[in-house]
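Peer 1: Here it is, the structure in full.
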Amino acid sequence: MSELMKQISDYVDSHADELVSSLQNFLRQPSISTENIGMEECTDMLSRELKTLGMDHRILELEGAFPAIYGVSKTERANKQLVVYGHYDVQSPDPVDRWTSDPFSAEIRDGMIYARGATDDKGNLWANIKAAEVLKNVTGKIPAGLKFFFEGEEEIGSPNLAKFFSTYSDVLSSDACLLCDRGVHESGRPQFYLGNKGLMEVEISCKRAKRDVHSGHAPLIPNAIWDLVRLLNSMKNTLDEITIDGYTDNVKAPSEEELNLIRDIPYDLEQFKKEYAIPEILGGSDDPVEVIKRLIYTPTCNISGIKGGWAGERGKTIVPCEAWVRLDMRLVKGMSIAQAKEKLIDFIEKSPFGHFDVKVKANNEPYQCSPNHELVKLSARLATKVYGRAPVVWPLLDGSGPMCMFPQYLGGDVFIIGLGAPFSTANTHAPDENISIEQYLTAIKLMANIFHEYLD
């Protein structure tokens, strides 16, 4: 342990009560974006905190959007620029009656702080602010080039994030970016995510007869639901592989470096099956490495909703004239939304099962940061020292997000560091969301060291 690392650790330990109390105060301020509750008060609170810290700060505004908070260190010219992202908005606490204590009381029980936003994402966000504060008190300054960007719309899908980035790219330009969201691994090891899948949302619908028809005419009248089911069945085979012509041609297999990361990820397949009450998983392998490879490197074509015909309690003998389905299709490295959309539409247009109307909403492209990126390697080295255990590094999330926007608009590659409670115990978006005091204080130590070593 370096002398500075020890000084940072000692300072956090000796000021633990004060640091915990400040997080509790922040968590007690509601900021529910879905209902516009407490949003203005929360932005004011963050602005005051950055001002007290001595950072140049601004409230970034766009018409029709909740404001974002920007702060930058007031120090000499920087050699590097590091943007740290967080979001101050939270999900609704409903159902409130399922909470053990008030969701905005930030009550401490058995070393855990319980509040909406404790892990997602106010605990992560606040740990970064306090890391800058600790550095200032230990070294006398906040490193040059440290930038904070805190948005207020993540819980409603970040609809204006790209516009914020394009509008304010002059102040948000970076050499690297960190997203501090999610939590440490269930084993207690620190946890990184180097990328995420892309996402397309698709709606397919069809209309056959001009109205529903008595099912006595079923030998003559096309059934919209049958046509849609046949189309959907043609898009996957019995091995659950996507069979859209050319759709997966550009998919890239994981590199040996990525495979080495996967081999180091703790994964309990039996516990996974038990948690979801399923006897087997798709794919036919119980090898944890193969399971994780399938999880994060397999494109998906998932049916998330389907409707048509009559589904009431009593029967109705009809030939349905309309049917509709919603798909979410996740893309992996090597794929692009433009190519995936082209292949999908071409496949549907050539279908022998009739005409279908297709709507495609392009969300985000797949993105992945290299395991050899300077900041990834530095953060992994420091996390190993601070936590006493090497981090769990996921090459990709199984889900999707806007990570592709950071290099596109700001210039720097990005990855995620989880600072909060583990996913299985954090109760994110659920009653009794939490973060442990130890997780929060250790997060401050880690981020303070990263800021110092990367920027100084």
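Peer 1: Looking at the range 313-332, which of its residues are among the hydrophobic types (A, V, I, L, M, F, W, C) and closer than 21 Å to residue 204 by Cα?
Peer 2: If the condition is that a residue be among the hydrophobic types (A, V, I, L, M, F, W, C) and closer than 21 Å to residue 204 by Cα, then 319, 321, 323, 324, 325, 327, 329, 331 are the ones that fit.
Peer 1: Something else now. I'd like to check something: does the range 391-398 contain any residue that is open to solvent by 10 Å² or more (accessible area, probe 1.4 Å) and at pLDDT below 95?
Peer 2: Taking every residue of the range 391-398 in turn, at least one turns out to be open to solvent by 10 Å² or more (accessible area, probe 1.4 Å) and at pLDDT below 95.
Peer 1: Which ones in the range 8-37 are within 21 Å of residue 439 (Cβ to Cβ), open to solvent by 20 Å² or more (accessible area, probe 1.4 Å) and not small (Gly, Ala, Ser)?
Peer 2: Across the range 8-37, the qualifying residues are 10, 11, 13, 15, 17, 18, 24, 25, 28, 29.
Peer 1: How about the range 365-456: which helices (runs of 4 or more DSSP H) wholly inside it have at least 1 residues that are without any contact (Cβ under 8 Å) to a residue 12 or more places away in the chain and over 19 Å from the mean Cα position of the chain (by Cα)?
Peer 2: Qualifying helices (runs of 4 or more DSSP H): 374-387.
Peer 1: Give me a count of the residues in the range 263-286 that are in contact with a Phe, Trp or Tyr (Cβ under 8 Å, 6 or more places away or on another chain) and either surrounded by fewer than 13 Cβ atoms within 10 Å (Cβ to Cβ) or modelled with pLDDT of 95 or more (or both).
Peer 2: 1
Peer 1: Does residue 362 satisfy the criteria of being free of Cβ contacts under 8 Å to residues at least 60 places away in the same chain and surrounded by fewer than 19 Cβ atoms within 10 Å (Cβ to Cβ)? Full working, then the answer.
Peer 2: Working: free of Cβ contacts under 8 Å to residues at least 60 places away in the same chain: no; surrounded by fewer than 19 Cβ atoms within 10 Å (Cβ to Cβ): yes.
Answer is no for this residue.
Peer 1: Let me ask another. Just to be sure I understand the filter: pairs with C-beta atoms under 7 Å, separated by 6 or more residues or on different chains, first member in the range 177-201 and closer than 22 Å to residue 372 by Cα and basic (Lys, Arg), second member modelled with pLDDT under 95 and in a strand (DSSP E or B). Which pairs pass?
Peer 2: 197/400
Peer 1: What's the number of the only condition in (1) surrounded by fewer than 20 Cβ atoms within 10 Å (Cβ to Cβ); (2) in contact (Cβ under 8 Å) with a residue 12 or more places away in the chain that residue 63 fails to meet?
Peer 2: (2)
Okay, residues lined up against (1) in contact (Cβ under 8 Å) with a residue 12 or more places away in the chain; (2) among the aliphatic types (A, V, I, L, M):
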| site | (1), (2) |
| --- | --- |
| 278 | no, yes |
| 281 | yes, yes |
| 297 | yes, no |
| 317 | yes, no |
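Peer 1: Another one. Based on this model, can you work out whether residue 326 counts as in a loop (DSSP other than H, G, I, E, B), open to solvent by 30 Å² or more (accessible area, probe 1.4 Å) and modelled with pLDDT of 95 or more?
Peer 2: Judged against the criteria, residue 326 is not a match.
Peer 1: Across the range 287-323, which residue is farthest from residue 235 (Cα to Cα) among those that are surrounded by 13 or more Cβ atoms within 10 Å (Cβ to Cβ) and acidic (Asp, Glu)?
Peer 2: 290
Peer 1: Select from the range 200-247 the residues that are touching a helix residue (DSSP H, G or I) at 6+ places or on another chain (Cβ under 7 Å) and surrounded by fewer than 14 Cβ atoms within 10 Å (Cβ to Cβ) and list them in ascending order.
Peer 2: Across the range 200-247, the qualifying residues are 245, 246.
Peer 1: Go through the range 329-349 residue by residue and tally those that are in contact (Cβ under 8 Å) with a residue 24 or more places away in the chain and either of a type in the set (D, E, K, R) or part of a loop (DSSP other than H, G, I, E, B) (or both).
Peer 2: Count: 9.
Peer 1: Give me the pairs, please: first residue somewhere in the range 221-232 and over 16 Å from residue 318 (Cβ atoms), second residue anywhere and in a helix (DSSP H, G or I) and aliphatic (A, V, I, L, M), beta-carbon distance under 8 Å, and either six or more positions apart or on two chains.
Peer 2: 231/348
Peer 1: Continuing with the same structure: When only residues in the range 157-193 that are in contact with a Ser or Thr (Cβ under 9 Å, 6 or more places away or on another chain) and open to solvent by 50 Å² or more (accessible area, probe 1.4 Å) count, which is farthest from residue 406 (Cα to Cα)?
Peer 2: By that ranking, first place goes to 186.
Peer 1: In contact with a helix residue (DSSP H, G or I) (Cβ under 8 Å, 6 or more places away or on another chain), open to solvent by 10 Å² or more (accessible area, probe 1.4 Å) and under 17 Å from residue 10 (Cα atoms): which single residue out of 437, 450 fits that description?
Peer 2: 437
Peer 1: State yes or no: is residue 337 surrounded by 15 or more Cβ atoms within 10 Å (Cβ to Cβ) and in contact with a strand residue (DSSP E or B) (Cβ under 6 Å, 6 or more places away or on another chain)? Full working, then the answer.
Peer 2: Working: surrounded by 15 or more Cβ atoms within 10 Å (Cβ to Cβ): yes; in contact with a strand residue (DSSP E or B) (Cβ under 6 Å, 6 or more places away or on another chain): yes.
When the stated conditions are applied, residue 337 passes them.
The values are calculated or read from the model by the stated rules, or taken from the named source; none is laboratory data. None of the values given here were measured: they were computed from a predicted structure. Positions of Cβ are backbone-derived with ideal geometry, glycine not excepted, and every protein chain shown enters the neighbour counts. Quick note on the areas: whole protein, heavy atoms, side chains included, nothing else; ligands and nucleic acids left out. Shrake-Rupley method; radii C 1.70, N 1.55, O 1.52, S 1.80 Å.
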